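What follows is a short report on a single structure.
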Amino acid sequence: MSKRQKAFTLIELLVVIAIIAILAAILFPVFAQAKAAAKKTSSLSNVKQTNLAQLMYGGDYDDLFTPVIAWSANGAPAFVGGAGYQPWTWLELPYMKNGDINQDPQAPPLEPWPAGWPTLTAKLLAPQYGLNYEALSPLTNSPFVITPASQSSLGKPAETVAMAAKFSTAEDALGATGFYWAGSGSWSTTVVVDGPECWTIVPWCFVNWGKGSWYDTSYLNGNIPAGARTGGASMRAGNQMIVSWADGHAGGYAAGKMAQGTNFGLEVPEANVVINNADLYLWDNQ
């Protein structure tokens with residue numbers, strides 16, 4: 001004769017379920033925070049490695065930073081307007097050996113590219129880290145002349161932005177292979193970020209930071225985390241930007257820190273953003 005097994009009562013089952021639900025409510029946000037922190041760490045590693053590749057490039061090319069784009073047919077992965085198109089990411093590939101580090105783990109993945117495009121090429125032509133070309137590879141004259149800066153010429157390399165995490169092509173208003181540019185010999189939106197107030201720094205740039213900018217109203221459609229009001233530089237790491245500096249170090253910083261020396265604010269109209277302390281400005285090469 002077997003003994004009768006004791007069963008759980010309804011109240012006991014409800015108590016257990018309630019405890020599990022409470023634990024889940026406590027732990028799930030912790031897991032999400034841990035995942036976000038891991039992605040931020042990975043993104044910092046990526047931008048630092050990419051920046052170090054740029055510094056290695058200078059060792060082979062007369063101490064110069066990588067050109068934002070080299071318009072040369074020799075070895076070009078793509079052609080734009082009939083000219084060979086080699087962005088800085090492509091030029092740095094021999095020093096990186098890995099196209100994946102050009103993709104930010106915090107950002108949405110790239111849009112699918114048309115059949116026939118190698119995956120590596122897509123990642124290099126549409127990176128999720130943008131070059132601060134205004135300081136490191138400015139454009140002069142028209143027709144354009146791209147003039148990379150000398151690495152040893154920077155007045156404050158530890159206070160000069162080299163690269164920053166940027167939007168994904170999955171977030172902009174164009175197709176996977178589309179971008180904006182200013183014409184033959186110029187630069188393109190997919191491989192750069194703009195500084196808070198660019199027009200007084202270089203003769204040619206896309207737009208200032210701020211509300212109502214072209215990035216904000218048209219290109220990124222108001223997506224602030226993707227960089228709509230910060231020149232395409234994204235703010236995904238707990239409202240921080242992932243940035244590397246011209247001396248090789250990297251970190252995560254608030255938009256206010258990165259816009260120091262200006263009157264920038266997320267609600268300040270783009271047309272009203274000005275540099276009010278040039279000594280504190282982080283996006284020029286002085």
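The values are calculated or read from the model by the stated rules, or taken from the named source; none is laboratory data. Values in this document were obtained by computation on a predicted structure and should not be read as measured data. Glycine also receives a Cβ, built like all others from the backbone with ideal geometry; neighbour counts cover every protein chain displayed.
At-a-glance table
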| item | result |
| --- | --- |
| Residue in segment 59-82 that is assigned to a loop (DSSP other than H, G, I, E, B) and within 16 Å of the chain's Cα centre (by Cα) present | yes |
| Residue under evaluation PHE206, criteria (1) closer than 24 Å to ASN239 by Cβ; (2) more than 17 Å from the chain's Cα centre (by Cα), criterion not met | (2) |
| Only listed residue being more than 24 Å from SER168 (Cβ to Cβ), surrounded by fewer than 17 Cβ atoms within 10 Å (Cβ to Cβ) and not polar (S, T, N, Q), chosen from ALA25, ALA78 | ALA25 |
| Residue pairs meeting the criteria (Cβ under 9 Å; at least 6 apart or on separate chains; first surrounded by fewer than 24 Cβ atoms within 10 Å (Cβ to Cβ), in segment 162-184; second among the basic types (Lys, Arg)) | none |
| Residue satisfying all of: in segment 245-286; small (Gly, Ala, Ser) and touching a helix residue (DSSP H, G or I) at 6+ places or on another chain (Cβ under 9 Å); modelled with the lowest pLDDT among these | GLY248 |
| Among the residues listed as ASN46, ASN51, the single one being under 27 Å from ARG236 (Cα atoms) and in contact with a Pro (Cβ under 8 Å, 6 or more places away or on another chain) | ASN46 |
| Subset of segment 185-206 [part of a loop (DSSP other than H, G, I, E, B), aliphatic (A, V, I, L, M) and buried (at least 22 other Cβ atoms within 10 Å of the Cβ)] | VAL193 |
| Single residue of segment 255-279 satisfying the filter (touching a Ser or Thr at 6+ places or on another chain (Cβ under 7 Å) and of a type in the set (Val, Ile, Thr)) that is surrounded by the fewest Cβ atoms within 10 Å (Cβ to Cβ) | VAL274 |
